[in-house]
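Presented below is the structure to which this report refers.
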């Protein structure tokens, strides 16, 4: 059996089914207690699952996507991420970015610009909840954030798939026949399906995954074009 077949079988287990039902209940409770939610969508596997789950209960939800710019994200990858949102069923997609990106060294700009401008604008527009696809199993930092219930802006956060493992994520994608970003098919054969990721590239934050070396091989043409 290949990995897709193995993970599709995992989707049939009671453990996975229980996590999916729990995620649906978390979303349902959040929608009852908030008036104007939105979904933070990166185009990665986690936000793909979360968006599909939320859209089943609120088809008109606003989907917010941050474009990291041509220096941090190949344009064809960015385009594919947006296409995935629409394929899943999103109708109201907002794409935001910073005009400060001038090189690949600007990896911290998006965070400062989001907190300093975008998050405040969303709050002023009345958004009172954001669905975020973070999981405890991703890192100790995220595990602590979820355990403490820490939000990064004034807007409440909801983490429907917080208890999912990487197996749960891929099992949900495969069993529901969801579109997913092609970058995973490039990276998974090298680093494994558990470590394949869709994030900014040549980013030192992900060096612990061997990202710089792998990016240099798989995306060498794009990198050379940007130099």
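The values are calculated or read from the model by the stated rules, or taken from the named source; none is laboratory data. Because the structure is a prediction, the values reported are computed rather than measured. No Cβ is skipped: glycine too gets one built from the backbone with ideal geometry, and neighbour counts run over all protein chains shown.
Quick notes on this structure:
- Breaking point among (1) modelled with pLDDT under 95; (2) in contact with a helix residue (DSSP H, G or I) (Cβ under 9 Å, 6 or more places away or on another chain); (3) closer than 24 Å to residue 83 by Cβ; (4) surrounded by fewer than 18 Cβ atoms within 10 Å (Cβ to Cβ), for residue 179: (1)
To keep it simple, each residue is scored yes or no on (1) modelled with pLDDT of 95 or more; (2) surrounded by 21 or more Cβ atoms within 10 Å (Cβ to Cβ); (3) closer than 26 Å to residue 32 by Cβ.
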site	(1), (2), (3)
112	no, no, no
129	yes, no, yes
140	no, no, no
156	yes, no, yes
166	yes, no, no
172	yes, yes, yes
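- When we screen 52, 65 for residues that are farther than 16 Å from residue 174 by Cα, in contact (Cβ under 8 Å) with a residue 12 or more places away in the chain and not in a loop (DSSP other than H, G, I, E, B), the only hit is 65.
- Residues (over 23 Å from residue 55 (Cα atoms) and within 14 Å of the chain's Cα centre (by Cα)) located in the stretch 138-159: 138, 142
- Cβ pairs under 7 Å, 6+ apart, first in the stretch 98-122 and outside any helix (DSSP H, G or I), second modelled with pLDDT of 65 or more and exposed (fewer than 12 other Cβ atoms within 10 Å of the Cβ): 106/100
- Filtered residue count, the stretch 22-60, keeping only those that are over 21 Å from residue 138 (Cα atoms) and surrounded by fewer than 20 Cβ atoms within 10 Å (Cβ to Cβ): 15
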